[in-house]
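Colleague: The structure follows.
The values are calculated or read from the model by the stated rules, or taken from the named source; none is laboratory data. Note that the structure is a prediction, hence the values are computed from the model and not measured. Neighbour counts run over all protein chains shown; Cβ positions are idealised from the backbone, glycine included.
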Amino acid sequence: MSEPKQYIDEGKISFGLLINWLLNWVKYLFSKWLQIGVGSLVILILILAVNYLKPKVYFSKISFVLETESSSSLGGISSLASVAGINLSSLADGNTLFQIDNIQELYRSESMIEKTLLESYSFDSGNQQLVERFTEVQKLEKDLVKEQIDLSEFSAIRNEFSRAQDSVLMEYTELIQEEFLHVAKPNRKTSILEVGFYSKDEELARAFNEIHVKNVNEFYLRTKSKKAALSVNMLSKQADSVKLELDKSLLLLAEIDERIPNPNPLYKTSQVPYQKAMIQMQANSAVYQEIVKQLEVAKITLRNNTPLIQVIDTPRYPLEHNRWSLFKTLVLGGIIGLALMLLYFTLKRMFSIAMKN
């Protein structure tokens, strides 16, 4: 007597069997249409409730192109500089102080965030400091009462802040860094930077974003071109000083020439004052010409080292927020509910068949 087979005959697994299994599965799901419909509707209602009961959080975003290094070299004036004997390396600012990664950290820095919090903005309700508005939106007044701090005290001079005020600003800064501030580079191959801010208050989200970007970009521009600007200022003062001395030497030479209009060539000593004045005038003239050359190159260097910050997108009302629209919620909620119910009854049927076998 032959023993029953303990394995599945692969030859019997055919396309027809697969079709038959699918038909049975579809019939089973159709037999559960009422439960599936009710379950999908319940899930849809839950998704609607979650979407509209959760706090609305607005997102303000500014994106811009950032030039982190001098894109144009001084090659255009290199030939002129070599002829004039000017050392461009002494004037060119070749440092990479502000790479794109460092700029992102600058936006997250405590000093920049603190500076933004202490700025004032004209809201619809009136002019108000951002630190005061942030406290109201996040409902942190009780914490300030415990510290015996009044919000109006933050309008004083920064150096006069108390220890408690410094502590509050530090806590606010850490909170913003962790939960509210968004700084990212969408594409690593480009120099486009994206800075955003999350808030339950639409006005605060836009105000903080705009002021923070303005403060950081101004600091970046000022610091990036600081060295070249110092060179221009120093050379300008030197040029003015030497020009003054050159004018004095020209005046002295003219006075000496007027005192002795027709000097006797046989008396050499009478020509010495004139020759000394001439040598002084020529020396001052040579120094002045050299400084003027250096000054022009320094001005070009300053223009080249002034980075480009071109804003691409700015925040506009209404701002983006975390809630779905009603149509999107209904469509996605219905799809998710139906998919979950189909998955539930499919797994239930498979488990039931496995238990029988």
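Colleague: Condition check: β-branched (Val, Ile, Thr) and not in a helix (DSSP H, G or I). Does Val287 satisfy that?
Modeller: In short, no.
Colleague: Hey, another quick one. Which residues, taken from the stretch 311-357, are without any contact (Cβ under 8 Å) to a residue 60 or more places away in the chain and of a type in the set (S, T, N, Q)?
Modeller: Scanning the stretch 311-357 gives Ser325, Ser352, Asn357.
Colleague: Scan the stretch 200-216 and tell me whether some residue there is modelled with pLDDT of 90 or more, surrounded by fewer than 20 Cβ atoms within 10 Å (Cβ to Cβ), acidic (Asp, Glu) and not in a helix (DSSP H, G or I).
Modeller: yes
Colleague: Quick one: Phe345 ticks every box in (1) farther than 30 Å from Ile211 by Cβ; (2) surrounded by fewer than 15 Cβ atoms within 10 Å (Cβ to Cβ); (3) at pLDDT 85 or above except a single one, so which number is it?
Modeller: (2)
Colleague: I'd like to check something: does the stretch 252-265 contain any residue that is touching a helix residue (DSSP H, G or I) at 6+ places or on another chain (Cβ under 6 Å), under 30 Å from His182 (Cβ atoms), surrounded by 14 or more Cβ atoms within 10 Å (Cβ to Cβ) and of a type outside the set (Gly, Ala, Ser)?
Modeller: Looking through the stretch 252-265, none of the residues is touching a helix residue (DSSP H, G or I) at 6+ places or on another chain (Cβ under 6 Å), under 30 Å from His182 (Cβ atoms), surrounded by 14 or more Cβ atoms within 10 Å (Cβ to Cβ) and of a type outside the set (Gly, Ala, Ser).
Colleague: Can you say whether Gln310 is part of a strand (DSSP E or B) and either modelled with pLDDT of 85 or more or closer than 30 Å to Lys226 by Cβ (or both), as far as the supplied structure shows?
Modeller: Criteria met by Gln310.
Yes/no matrix, rows are residues, columns are (1) surrounded by fewer than 20 Cβ atoms within 10 Å (Cβ to Cβ); (2) part of a loop (DSSP other than H, G, I, E, B); (3) out of contact with any strand residue (DSSP E or B) (no Cβ under 6 Å at 6 or more places or on another chain):
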position	(1), (2), (3)
Lys139	yes, yes, yes
Lys142	yes, no, yes
Thr173	no, no, yes
Pro186	yes, yes, no
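Colleague: Answer with yes or no whether Gln310 is surrounded by fewer than 14 Cβ atoms within 10 Å (Cβ to Cβ) and either closer than 30 Å to Phe197 by Cβ or in contact with a helix residue (DSSP H, G or I) (Cβ under 6 Å, 6 or more places away or on another chain) (or both).
Modeller: Answer is yes for this residue.
Here is a yes/no grid of residues against (1) in contact with a Ser or Thr (Cβ under 6 Å, 6 or more places away or on another chain); (2) surrounded by fewer than 17 Cβ atoms within 10 Å (Cβ to Cβ):
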| position | (1), (2) |
| --- | --- |
| Ile149 | no, no |
| Ile157 | no, yes |
| Glu160 | no, yes |
| Val195 | no, no |
| Ser225 | yes, no |
